[in-house]
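A short write-up of the structure that comes next.
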Amino acid sequence: MNESASLIDEHEPLTELEGIDLYDRARLIDEGVTNVEALAHHDIIELTLMTRIPVSRLLDWLDQAILHLRMGKEERSAVLERLRQYGIRTATDLVKACEDEDRRARLECVFNVTPTPPSTNPQMSPRLDILLRALKDEEWLQNLLQWHAPQKHKPLHLPENDPRGRNVPRMRIASASPCSAVSAI
């Protein structure tokens with residue numbers, strides 16, 4: 001039997017996360033990541049360097065792992081499946097979805113037994129609020145939210161002259177056609 005295979009912890013298996021194939025699982029196991037919990041608490045930078053798995057893929061798995069671990073074990077698969085029906089597969093998806101009050105109210109039904117909206121049943125437990133507070137305490141969540149945030153780039157400022165005093169030619173598009181010629185100003 002393969003030494004790596006004997007170290008696999010089948011409690012919270014990596015196969016519960018979307019997108020992990022057998023090859024990726026073997027690379028993660030070689031680095032000591034044998035289950036979802038180990039992935040959620042592993043040094044992601046070290047894991048990136050050692051496994052050579054693309055950063056975006058590792059971060060997606062980490063994001064899924066965080067949400068997976070914060071769900072109650074008894075109902076985890078049912079709640080995660082209902083969240084996927086709303087397009088939510090990761091912790092950051094859930095946090096972002098709950099920023100909108102209307103979507104948050106609809107998601108509250110996913111976490112409660114009764115199918116009625118929270119506004120009509122004030123006796124419901126605040127499970128979604130508890131989950132969101134727990135997620136915000138996660139070590140990597142702020143980094144993941146930043147990773148998913150739209151990047152705002154400042155326009156590139158090109159100097160009129162290069163440091164040696166020569167004039168730097170500016171380029172402009174001659175027409176709106178995608179195949180238009182570029183001419184110097």
In order over the stretch 68-83: 3J(HN,Hα) from phi, Karplus 6.51/-1.76/1.60, θ = phi - 60°, whole Hz, x for each Gly or Pro, gives 4, 6, 7, 7, x, 4, 5, 10, 3, 5, 5, 5, 4, 5, 5, 5
For every other residue with a beta carbon closer than 11 angstrom to the beta carbon of HIS148, add +1 if it is Lys or Arg and -1 if Asp or Glu, then tell me the sum.
-2
Cβ crowding within 10 Å averaged over residues, with 58-64, 23-29, 87-93 ranked highest first
58-64, 87-93, 23-29
Among ALA65, LEU131, HIS42, whose Cα sits farthest toward the positive end of the charge dipole of the stretch 3-148 (+1 at Cβ of Lys/Arg, -1 at Cβ of Asp/Glu, about the Cα centre)?
LEU131
So how far apart, in nm, are the two label points at GLU99 and GLU18 if each is 7 Å from Cα heading toward Cβ?
2.0 nm
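A short reminder: the numbers here are calculations on the coordinates, not readings from a lab. This structure is a prediction, so every number in the text was calculated from the model and none was measured. Note: ideal-geometry Cβ built from the backbone for every residue, glycine included; neighbour counts use all protein chains shown.
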